[in-house]
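Data block below; observations after.
The values are calculated or read from the model by the stated rules, or taken from the named source; none is laboratory data. As the structure is a prediction and not an experimental result, all values here were calculated from the model. Cβ coordinates were reconstructed from backbone atoms using ideal geometry, including for glycine residues, and neighbour counts include every protein chain displayed. Ligands, DNA and RNA are stripped out before the accessible areas are found, and what is left, the full protein with its side chains, is counted by its heavy atoms. Shrake-Rupley method; radii C 1.70, N 1.55, O 1.52, S 1.80 Å.
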Amino acid sequence: MSTPREPGAPGTDPGAPAGSGPAAPPGAPFEETPWRRLDPRTLLVHCGWMAAPLGSLALTALATGGRINTEAWITLAAISASFAVLTTLGLIRWARTEFRITIPRRGEGAGGASPTFDVRSGLLTRRLRSVPLHRIRTVDLTATPVHRVLGVTVLRAGTAGSGDGSSELSLEALAVPEAERLRTELLAYADAEAVANDPVVARINWRWLRYAPLTFWVIGGVFVVAGGAYRALDGIGIEAWKLGFVQRAFTEFGASALWLTIPAALVVILALGSVGAVVLYVENWWSYCLDWTDSRTLRVRRGLLTTRAVTIERARLRGVVLREPLLLRAGGGALVRAVAGGLGNREENRKRSGLLPPAPRAEALRVAGGTLRSPFPGSAAPAALTPHPRVALRRRRVRGLLFVVLPGTAVLAGLGAAFTPVLLHCAWIYALITTALSLWLARDAYRNLGHGLDGPYLVARSGTFSRDTVALQRDAIAAWTFSTSPFTRRAGLVTLTAAVAAGEDGYRIPDLPAADAPGFATTAAPGILEEFLVHPGPAPVPGQRAR
């Protein structure tokens, strides 16, 4: 939590000039760190409110041919006076708002001091807020259209238990490069500190609602609801496609210009799906809280109409999965699931293993680390995962061409030759579009492949429509499965599956080099494969007969 410190408190110098650090006495536990200020363009951001009244006056003058009446002059005078007052206040606020990161000295004088993020501000009453960096949980950058035009952004740093924003630190506004550097610095220090002493891992933040439409439900949900309604009507003997208004809708749709009606139908589907996704998000994650009730129990509470509380024993927690579906990944989001035993069968496990709703990826990494009680493996250096051989890229390209491009092109070409030449044009257009899309998806899927070991965890990443990164406890692996096909054997690849008595029961590492897979499996989980491995004997001595 932030701790207000009034001027004159130990470690501050009220008489120090702006922009200078505090007068640190000899042997002080903290290094002298210079204070930094907001970007001067902050003043222009506060002038954005004038756009509406000035635009109204401009339209009035344009409509009247440049003649401005008395009321307009009064309005203009009021705007000018407000501008002068707000600009003066903004200038004072800008001059009196400073921030810094305070680093403890190394050595005996530091004691138990930890790095802090300090912000001092105040127009009439000065306030210094000092937050230990290990309590910072989120760093959010938000830019309105006005901010984007000016090249600045707002930085909000949320602390432990500040999901409602009550103890949030906000800096408005910083230049975008400066904000990016500060966010990296804050998260680097925050990730370096263990979160074991904080019982609350995460709370709901309603700014995450923007990620709700970036899920399957934005499109698939509409068809699921429509299919459910059709089955319900069919169950009571009503054939929906024979209803009068349904037939009229299809008739009018086909009689209209398809280049207008099809995009309009897609927009309607997206709008309905987005509304449904937001409603579902609110219902599922209302009052969401992920916390450690004690040192051995992790609890997830959520739900509006149907409340849910799932408790996971730490002894049954075998790892976490960072899941990034394609749309959510494009929006910079992710979600987190637990790999734990005792959550029921596979279907029940998928419903009960959710630890975080769709949220910013940085928040997902933080929650995954809070669940493991250590930084999420690979979050600091994703490139540390071992890449897979290039032949895996070729396999993905071939599969896309064989199973997506070729069948659709052949069907359209055959129908075009049999019925109408229009379908022949559809065939080559389909071939061009799906070829480009398949090659792009194959490249993305290949780049997402990776595996490695990070301390006590096996880390594996794969997938394109849903890129999953699993961190699995190595001592939880009970067995290994090596899967091949005629094509993978010819390519010298093998799919390695780690079997665990938790989560999805098995987690795949596709397309490993066949020569390296046994050694990697033995290193990751010793004691399982050794009796099946054949080790080469010593090289024969020249001139000695083999026995």
Boolean, Val278 is modelled with pLDDT of 70 or more and either among the hydroxyl-bearing types (Ser, Thr, Tyr) or open to solvent by 60 Å² or more (accessible area, probe 1.4 Å) (or both)
no
Quick one: which residue in Ser353, Ser374 is touching a strand residue (DSSP E or B) at 6+ places or on another chain (Cβ under 7 Å) and surrounded by 13 or more Cβ atoms within 10 Å (Cβ to Cβ)?
Ser353
Picking from Val534, Val500, the residue that is open to solvent by 40 Å² or more (accessible area, probe 1.4 Å) and of a type in the set (Val, Ile, Thr) would be Val534
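Residue-by-condition table, conditions (1) touching a residue at least 12 places away in the same chain (Cβ under 8 Å); (2) within 21 Å of Gly370 (Cβ to Cβ); (3) in a helix (DSSP H, G or I); (4) open to solvent by 40 Å² or more (accessible area, probe 1.4 Å):
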{"site": "Val267", "(1), (2), (3), (4)": "no, no, yes, yes"}
{"site": "Leu272", "(1), (2), (3), (4)": "yes, no, yes, yes"}
{"site": "Trp292", "(1), (2), (3), (4)": "yes, yes, no, no"}
{"site": "Leu304", "(1), (2), (3), (4)": "yes, no, no, yes"}
{"site": "Val310", "(1), (2), (3), (4)": "yes, yes, no, no"}
Looking at (1) in a strand (DSSP E or B); (2) under 16 Å from Leu214 (Cα atoms), can you tell me which one Leu327 breaks?
(1)
Where in the stretch 410-527 are the helices (runs of 4 or more DSSP H), entirely inside, with at least 3 residues that are under 15 Å from Thr386 (Cα atoms) and of a type in the set (A, V, I, L, M)?
517-524
Can you tell me which residue within the stretch 384-397, out of those that are open to solvent by 70 Å² or more (accessible area, probe 1.4 Å) and in a helix (DSSP H, G or I), is farthest from Tyr430 (Cα to Cα)?
Ala384
Within the stretch 464-475, is even one residue farther than 17 Å from Phe376 by Cβ, modelled with pLDDT under 95 and out of contact with any Pro (no Cβ under 8 Å at 6 or more places or on another chain)?
yes
Complete set of residues in the stretch 508-524 that are in contact (Cβ under 8 Å) with a residue 60 or more places away in the chain and surrounded by 14 or more Cβ atoms within 10 Å (Cβ to Cβ)
Pro510, Asp511, Leu512, Pro513, Phe520, Ala524
Looking only at residues in the stretch 251-265 that are surrounded by 11 or more Cβ atoms within 10 Å (Cβ to Cβ), at pLDDT below 70 and not in a loop (DSSP other than H, G, I, E, B), which one is nearest to the chain's Cα centre (by Cα)?
Leu258
May I ask you to say which residue of Arg443, Arg467 is open to solvent by 40 Å² or more (accessible area, probe 1.4 Å) and under 20 Å from Leu493 (Cα atoms)?
Arg443
